[in-house]
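Here's the structure we're looking at; comments come further down.
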Amino acid sequence: MIKELVIDSRKAVISDSSLFFAIKGERNDGHEYIKELYDQGIRQFIVQKGEKVDVNYLAGANVLQVNDTIEALQNITAAHREHYSFPVLAITGSNGKTIIKEWLAQLLAPEFQVVKSPKSYNSQVGVPLALWQMNENHNIGIFEAGISWRSNNGVRSNNIPRKSTAAAVVRMVEELMFFGFS
């Protein structure tokens with residue numbers, strides 16, 4: 001059973017229940033850290049098709065090739081979200097997302113078991129990692145959701161967890177946020 005999702009080898013929780021997503025970014029390529037993480041004990045990897053991954057040194061590991069590792073991360077956490085029926089609040093906008101999320105979490109904490117985005121996890125990678133924290137001990141979720149530009153495919157999209165979102169709070173939408181949308 002997968003318990004930990006890993007995207008950064010420097011902050012990896014190393015166990016046989018960790019799953020590493022080899023995300024290729026503008027400055028770093030997660031595929032370059034697979035051997036290091038394997039040597040440390042991770043045995044589950046999701047890699048991008050077309051990337052060179054030498055599976056000869058990955059004895060006993062599970063390696064899944066996908067078209068897009070970020071999309072795979074989003075799909076896995078969307079499936080995880082479906083296990084929980086409690087409401088989710090999504091907060092988006094040009095600024096003020098983190099302070100509103102923290103304020104709402106403090107306001108609701110006396111009555112609810114709140115799960116929320118850590119720090120400012122509001123990107124296409126951060127939102128899924130935040131959603132992965134959901135478990136049976138919670139009864140409401142509060143998550144930040146930014147708007148991202150995916151440079152690999154030229155698409156601009158919001159990161160609001162669409163399925164089962166009870167409400168969205170939109171704060172200070174500036175003209176710049178609409179650039180790239182048709």
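Just so it is clear, none of the values below were taken in a lab; they were calculated from the coordinates. Only a predicted model underlies this, so the values are computations on that prediction, with no experimental measurement involved. In this analysis, Cβ positions are derived from the backbone assuming ideal geometry, glycine residues included, and neighbour counts consider all displayed protein chains.
Quick notes
- The GluC sites (Glu not before Pro) of the stretch 1-55 meeting both criteria, a DSSP state outside H, G, I, E and B (loop) and at most 14 other C-beta atoms within 10 angstrom of the site's C-beta, are GLU26.
- With the simple model of a label 7 Å out from the Cα in the direction of the Cβ, GLU4 to ASP39 spans 1.8 nm.
- With the simple spin-label model, which puts each label point 7 Å out from Cα in the Cβ direction, the ALA61 to ALA79 separation comes to 2.1 nm.
- Of the cross-linked pairs LYS52/LYS116; LYS11/LYS49; LYS52/LYS119; LYS49/LYS119; LYS49/LYS101; LYS24/LYS101, those separated by over 26 Å at the C-alpha level are LYS52/LYS116; LYS52/LYS119; LYS49/LYS119; LYS49/LYS101; LYS24/LYS101.
- Value in Å of the Kirkwood radius, where the stretch 72-144 supplies the Cα pairs that are averaged: 12.3
- Extension reserve of the THR98-SER120 stretch, reckoned as 0.36 nm per residue once the Cα distance is removed: 7.3 nm
- Extension gain from GLU71 to VAL13, taking 0.36 nm per residue of separation minus the Cα-Cα distance: 18.7 nm
- Full extension of the segment from GLU51 to GLN113, taken as 0.36 nm per residue of separation minus the current Cα-Cα distance, would add 18.2 nm.
- Under Stokes-Einstein, with the Kirkwood radius over Cα pairs as Rh, the value for the stretch 4-67 at 10 °C and 1.306 mPa s is 137 µm²/s.
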